Every structure is written in C-alpha cells, then in structure tokens.
Amino acid sequence: MSNSIKKSSWKVRLHEIIYEADTKEGKVFDVILLIAILASILLVMLESIESFDNDYHYYLNIGEWIITILFSIEYILRIISIRKPYKYIFSFYGIIDLLSTIPMYLSLIFVGSQGLVALRALRLLRVFRILKLARYIGASNKLLLALRSSRAKIAVFLFFVLIVCIILGTVMYMIEGAENGFTNIPKSIYWAIVTLTTVGFGDIAPQTPLGQLIASAIMIMGYSIIAIPTGIVSSEMTKTDSEIDTNTQACPTCLKGTHKKNATFCYNCGSILN
C-alpha cells in the first residue's frame, strides 16, 4: 500500500486526531476531553455535598450520563484506531479509561436499598478520570523520565532517612521512656518520622530537656533535607530537557510516545509512524 493511500485511511486520520496533539483537530479533541474530565470531577465533588445533591440530583445525573457516553465513545474510538487494540486495552491509560467509564453502567445493576453502599463506592471510581489528565500534560513525559533516571538516588536517600529515623527513635525511647509516651521502639520511630518530616502531630512529645534538644535537632534536620529529592529530580529534568527533542506522535501499533521529531519508525516496535 502506497503512502498516499495509507495517509487517506480513515483509521490513520482518526489515530492522528485521538493520539496526537500536533494537528488542529487533535488539539480540539484534547481540549474537549480536558473540559469533560474537569466537569466530571466537579460533578463528583458536588454529589458528595448532600444538600446540593438533594436539590439538583436529577441534573447532576443527566450531566454525568452525558459525560459517560462521551468517554464511552472515546474509549471505543481509541480501540478501533490502532492496529493492535489489546496494546491500549491493557495499558495503564486503557485501564484508567475503563475504570472511569464503567461505574455509571454498573450502577444500573445495583438497584434497591441493599445496593446503595456498593453503588456509592462504584460511583466514586469516577474520580479515576483525573488520572486521564496526565495524558494531555506535555511535561508529564519529561517528569516521568526524570523520576525513572533518579530512582536509584532517591532510593538511597530514603534508605538513609529510614536509618536516621530508626536510630533517633531508639535513642528517644531510651531517653524519654514509656512515662512520656514513648512506650516502644516502633512508636518512637513513628514519632521520629513525623518530626523529621516537619508534620508534628503532637500526639507524642518529649518532656526531658535532652529529649527536647534532640527533637529540635531533628526538626532543623528535616528542613535541611526536605529539598534533596526535589534537587535530584530537577537535575535529571534539566538533563532530559537538553537530551530529548520529541513530539506528541504516538505509534499506531504499540502506542509508544515521545518519538524524536521527524522520526519515520517507532523506536519501540519498528512500525512505520503516520
């Protein structure tokens, strides 16, 4: 099949609109979906307000069905516009899209008072639609790559923090004792974690001067190390910005994105890009 015939295929055109944002139609499609996702999240929030739901339940329900039908059409179009539908169906976004669509349909099965609890839980699954937003945020791919590149450094940092909390928790257990709320080492480690992260619930507090001195040192330490993970990820993002020059094109076979500009073949499966 020649390139001219391939370009005229309606499936190819549909794929460009749905999976890419470089075309005018693709941008319009993305904007419509963004509005629908945000509207759906707003409806879920409004439904959780009992007084508002009692007054406007009918209109909220109608609005939700409209959005559900829109997402159902989107889900079907995404399946039929790629060469290997299972790649999308079993992908992260495919599962999220399904979870964000089926609750309204499942709610038709659970009718009657005995199903109200299950119905409420199913309808709350619609909040998964907010995860669909990641698909339309251009910087999300760079952030994901930066997190992957820095995962070893972050893991080492978290391991170091864990060791510090274990040591400091044990020390505080020895200094304060059960009479001041430090009844065991695990609870003392919990206090050290809460203090080091500057959360400070206040449910356990040191009473001795030495314990308070150590607590002060932990709080100051917490402020000094809280920016370390941010610095690690920021450094990797800077490298990513300088190394990657990609577009929004998605492979019609395996759905891999972040291809280099002017790429002809998919870097993952080798298929010809549209």
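Only the coordinates and a few stated rules stand behind these numbers; no lab work does. These numbers were taken from a predicted model, which means no experiment stands behind them. Reconstructed Cβ throughout: ideal geometry from the backbone, glycine too, with neighbour counts over all protein chains shown.
In this calculation the C-beta distance from LEU143 to ILE32 is compared with R0 = 30 Å, giving a FRET efficiency of 0.75. With the simple model of a label 7 Å out from the Cα in the direction of the Cβ, LEU106 to ASN180 spans 5.0 nm. Start at zero, step by 5 Å, and the Cα-Cα distances of region 151-228 spread as 3, 17, 28, 26, 14, 8, 4, 1, 0 percent across the bins.
Hey, fewest Cβ within 10 Å first, where do HIS15, HIS57 land in order? Mind dumping the intermediate values first?
Values: HIS15 24, HIS57 12.
With the fewest neighbours first, HIS15, HIS57 line up as HIS57, HIS15.
Between LEU158 and ILE62, the contour length at 0.36 nm per residue exceeds the Cα-Cα span by 29.8 nm.
Among CYS269, CYS165, what is the fewest-to-most ranking by other Cβ atoms within 10 Å?
Details: CYS269 14, CYS165 21.
Final ranking by Cβ density, sparse to dense: CYS269, CYS165.
Inter-label distance, SER91 to THR170: 4.8 nm, where each label sits 7 Å from its Cα along the C-beta direction.
Simple spin-label estimate for THR198 and ILE76 gives 5.2 nm between the two label positions (7 Å along the Cα-to-Cβ direction from each Cα).
In what sequence do ASP55, ASP30 fall when counting other Cβ within 10 Å, fewest first? Walk me through the numbers on the way to the answer.
Details: ASP55 11, ASP30 17.
With the sparsest Cβ surroundings first, the list reads ASP55, ASP30.
Going down the table (LYS24/LYS84; LYS87/LYS153; LYS153/LYS187; LYS11/LYS84; LYS153/LYS256), which pairs top 23 Å between alpha carbons?
Working: LYS24/LYS84 26 Å; LYS87/LYS153 32 Å; LYS153/LYS187 28 Å; LYS11/LYS84 12 Å; LYS153/LYS256 26 Å.
Beyond 23 Å between Cα atoms: LYS24/LYS84; LYS87/LYS153; LYS153/LYS187; LYS153/LYS256.
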